[in-house]
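Peer 1: Dumping the structure here so I can ask a few things about it.
Readers should treat all values here as calculations from the given coordinates under stated rules, not as data from a laboratory. Please read all numbers here as calculations on a predicted model, not as lab measurements. Neighbour counts are summed over all protein chains in view; Cβ atoms, including those assigned to glycine, are modelled from backbone coordinates with ideal geometry.
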Amino acid sequence: MNYDYVFKVCIFGEEGVGKTSLIQRLGIFEIDMFYEATFNVDIKKRHFQVANKEVLLKLWDIKKTIKDESFYTSYFRKIDGGIFVFDITNKASLTILGEWLKKFNQKNIPIIVVGNKADLKKQRSISDEEVNKIKDKYSIIKYVETSAKIGENIYTIFEFLIFDLLKNQKVN
């Protein structure tokens, strides 16, 4: 299939926050035999049709942690967009998300921050105020709370991101 746009999108966050589950919730993927175990990256390709345009997202599910500094900088090269995920029931995951965002200091690249596990409202340990502090500190415009478990707001993440990616293409 011919695509109007192909974008590389990296998904960052600590282990257990639900990055892989978010991707899996998207469903049908193009077959791609690439799995880079050496660098702990799983790449999925997902087709979207937006505004009569054929868009392919190459979703790089980053398996490394922020502590693996020698590896993650290579993921930031030639990236078109980023999804930064934390677990709303785990304060440490928000702190670590801040570290990811600090390392990811690229301008003019669309990013979205995702608070996952919204279905666990009773176990929530991160307040809206704490999320707003991170958003303000790193000038985050797009923030969505999701539940990969029940599928809440999964497509919203990718719709927001694709819209921003396409808008960014027109500007550049």
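Peer 1: Please list, ordered by chain and number, the residues whose modelled amide H lies under 5 Å from the amide H of residue 152; skip anything fewer than 5 residues away on the same chain.
Peer 2: Here 147 satisfy the definition.
Peer 1: Additional query: Mind scanning 53/167; 103/135; 45/170; 91/122; 44/103 and naming the pairs with a C-alpha gap bigger than 18 Å?
Peer 2: Pairs exceeding the cut-off: 45/170; 44/103.
Peer 1: Also, quick follow-up: What does the highest-first list of 121-132, 81-92, 148-159 look like by mean Cβ count within 10 Å?
Peer 2: Numbers: 121-132: 12.7, 81-92: 22.1, 148-159: 17.4.
The densest-packed peptide leads the list: 81-92, 148-159, 121-132.
Peer 1: Using the Karplus curve 6.51 cos²θ - 1.76 cosθ + 1.60 with θ = phi - 60°, work out ³J(HN,Hα) for each residue of the range 90-99 in order, rounded to whole Hz, and write x for Gly and Pro.
Peer 2: In residue order, the calculated couplings are 9, 4, 4, 5, 6, 4, 5, 4, x, 5 Hz.
Peer 1: Follow-up. Tell me the Kirkwood radius of the range 87-172: reciprocal of the mean inverse pair distance over distinct alpha-carbon atoms, in Å. Each step should come with its number before you reach the end.
Peer 2: Values: mean 1/r = 0.0725 Å⁻¹.
Computed over the range 87-172, the radius equals 13.8 Å.
Peer 1: Further, regarding this structure: Can you list residues whose amide H is under 5 Å from residue 26's amide H, if they're 5+ apart or on another chain and H is modeled 1.01 Å from N?
Peer 2: It is none; the list stays empty.
Peer 1: Then there is this: Quick check on the range 84-125: take the gyration tensor over C-alpha atoms, sort the square-rooted eigenvalues as a ≥ b ≥ c, and tell me if it's rounded (a/c under 1.5), prolate or oblate.
Peer 2: Cα axes put the range 84-125 in the oblate bin.
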